[in-house]
1. What is the number of the single condition among (1) within 21 Å of residue 103 (Cβ to Cβ); (2) at pLDDT 95 or above that residue 357 does not meet?
2. When the residues of segment 257-271 are filtered to those that are assigned to a helix (DSSP H, G or I) and at pLDDT 85 or above, which remaining residue is surrounded by the fewest Cβ atoms within 10 Å (Cβ to Cβ)?
3. Which ones in segment 230-264 are within 16 Å of residue 15 (Cβ to Cβ) and without any contact (Cβ under 8 Å) to a residue 24 or more places away in the chain?
4. For segment 275-318, what are the residues that are at pLDDT 85 or above, within 19 Å of residue 30 (Cα to Cα) and in contact with a Leu (Cβ under 6 Å, 6 or more places away or on another chain)?
5. From (1) among the hydrophobic types (A, V, I, L, M, F, W, C); (2) under 27 Å from the mean Cα position of the chain (by Cα); (3) modelled with pLDDT under 95, pick out the condition that doesn't hold for residue 383.
6. So for segment 95-113 (the condition being surrounded by fewer than 17 Cβ atoms within 10 Å (Cβ to Cβ), assigned to a helix (DSSP H, G or I), touching a residue at least 60 places away in the same chain (Cβ under 8 Å) and out of contact with any strand residue (DSSP E or B) (no Cβ under 9 Å at 6 or more places or on another chain)), does at least one residue qualify?
7. For a quick check of your reading of the model, give me the residue pairs whose first member lies in segment 304-322 and is under 18 Å from residue 203 (Cβ atoms) and in contact (Cβ under 8 Å) with a residue 60 or more places away in the chain, whose second is among the small types (Gly, Ala, Ser) and in a helix (DSSP H, G or I), with beta-carbon atoms closer than 6 Å and at least 6 apart or on different chains.
8. Looking at segment 68-103, which of the residues that are more than 21 Å from residue 326 (Cβ to Cβ) and aliphatic (A, V, I, L, M) is modelled with the lowest pLDDT?
Amino acid sequence: MDKKIPFSTYAVIGTMLFGMFFGAGNLIFPIQMGQLAGTNYSLALFGFLVTAIGLPFLGILAIGLSGSNGLRDLASRVHPVFGVIFALALYLTIGPFFAIPRTATVPFVVGFEPFIDPSQAKIWLAVFSFIFFAIVFYFSLNPAKIMDYIGKYLTPAFLIFLFILIAVSLFSPMGNFVEPVGSYINEAFMTGFKEGYNTMDALASLAFGIIVINAIKRTGITDKKEIAKATWKSGIFAMALMMLIYGLIAYMGASSVTAIGTYDNGGQIFAAVADHYFGSYGAILLAIIIVLACLKTSIGLITACSEFFNEVYPKISYKTFVVVLCIVSFTIANFGLTNIITFAIPVLMFLYPLAIVLILLALAGPLFRNKQLVFATAILFTFFISIIDGYNALIDSVPAFEIGFLSSIAEFYKEFLPLYSIGLGWIVPALVGAIIGIIIPSKK
């Protein structure tokens, strides 16, 4: 018989989940948003929370409530082949190709590079990333201990140092909010909404869901309904903590302009805020915050990716995948943060609509009895939009990749497709696809 889980266990699992989600990107995006939004801070924050909090929470619920045994199982409701391909694409994106290398390059760029001779930066990046991934490798070897490593130790340590900086900014504000700039003047909500995509958390939620479920099972809960209930409660704890911190960080950014001026990215803003309050000691505090934030996220990602690839290729051991992923991530990290971001954005713009539609379909599945045709048609129609979204982002970064007929399709979408101009062109096609799937009778 299943036993009841005490609140302390929900808190530890929720803290573990928060720790895996909350990396350096979750620090640098909201503080920059706060600076740019200024007096429209509240609207921008609300939009940001929808995608940076709401979507990841729905992703965790989609895995927990659907009874799926991970992302591959969930995506196979579209088609088994799609399940494998989509899962591979998502895990490679949040894994060794983009997200994991970023966990090493961001702390180096923000916390260490300002103090290094530019001519020596590449050498020191190699040294730093090697040490970083050696630590990640050690902690990732035993996935059963991940709840202890991240939930009990790394995340609390990270929060202590972060709240030192936040508390000082609250009790001694840097200044008043200034006027918003750019798209935050008239489109604060939607700009914040799209800014939330950059965290990658909605994609990561589909990968982290199974880690949460396994952590719950290790507490003695095996019934599907009880697992779903525990997933929901742990997710609420994690997302509430993230919401609080996002609000405080965005407030810090919005109140900082008159004291420190504006900067090109959130990492530089954090560095300036830390220097404003603590002088040279601020650099040390910031380095500790960023390293802890990225370390715990990297451990979570390596663990999730290694467990997935071990499931797909069981003949290769979990430990071997940890080694391979750490080596590949180390190699790509040394191409530099700018290159990683340049090629990550097109992939994210392609995958995000597919992931969002899959999450919503999984949650709404009982309404149409999880009919496979609904999953298939909705995802197919979404694909025709997301592939162009990815293409547009690619040619924005690398114009040499422009292809004539794809650009013509993009112009057609822009002119005729509702909501396309604000980055939500996939909504109507996904709804139409789902309705078609419901109407067409299934073949026995």
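The values are calculated or read from the model by the stated rules, or taken from the named source; none is laboratory data. Not measured: the values here are computed from a predicted model. A quick note on method: Cβ atoms are made from the backbone with ideal geometry, for glycine too, and the neighbour counts reach across all protein chains shown.
1. (1)
2. Kept after step one, since they are assigned to a helix (DSSP H, G or I), are these residues of segment 257-271: 257-260, 266-271.
Restricting the remaining residues to those that are at pLDDT 85 or above gives 257-260, 269.
Values: 257: 22, 258: 12, 259: 14, 260: 18, 269: 26.
So, considering only residues that are assigned to a helix (DSSP H, G or I) and at pLDDT 85 or above, the one surrounded by the fewest Cβ atoms within 10 Å (Cβ to Cβ) is 258.
3. If the condition is that a residue be within 16 Å of residue 15 (Cβ to Cβ) and without any contact (Cβ under 8 Å) to a residue 24 or more places away in the chain, then 240, 244 are the ones that fit.
4. none
5. Every condition holds for residue 383 apart from (3).
6. Here is the first cut: in segment 95-113, the residues surrounded by fewer than 17 Cβ atoms within 10 Å (Cβ to Cβ) are none.
Scanning segment 95-113, I find no residue that is surrounded by fewer than 17 Cβ atoms within 10 Å (Cβ to Cβ), assigned to a helix (DSSP H, G or I), touching a residue at least 60 places away in the same chain (Cβ under 8 Å) and out of contact with any strand residue (DSSP E or B) (no Cβ under 9 Å at 6 or more places or on another chain), so the answer is no.
7. 304/207; 305/95
8. Our first condition is that a residue be more than 21 Å from residue 326 (Cβ to Cβ); within segment 68-103, this holds for 68-86.
Checking the rest, the ones that are also aliphatic (A, V, I, L, M) come to 71, 74-75, 78, 81, 84-85.
Working: 71: 90, 74: 93, 75: 94, 78: 96, 81: 95, 84: 93, 85: 95.
Restricting to residues being more than 21 Å from residue 326 (Cβ to Cβ) and aliphatic (A, V, I, L, M), the top hit is 71.
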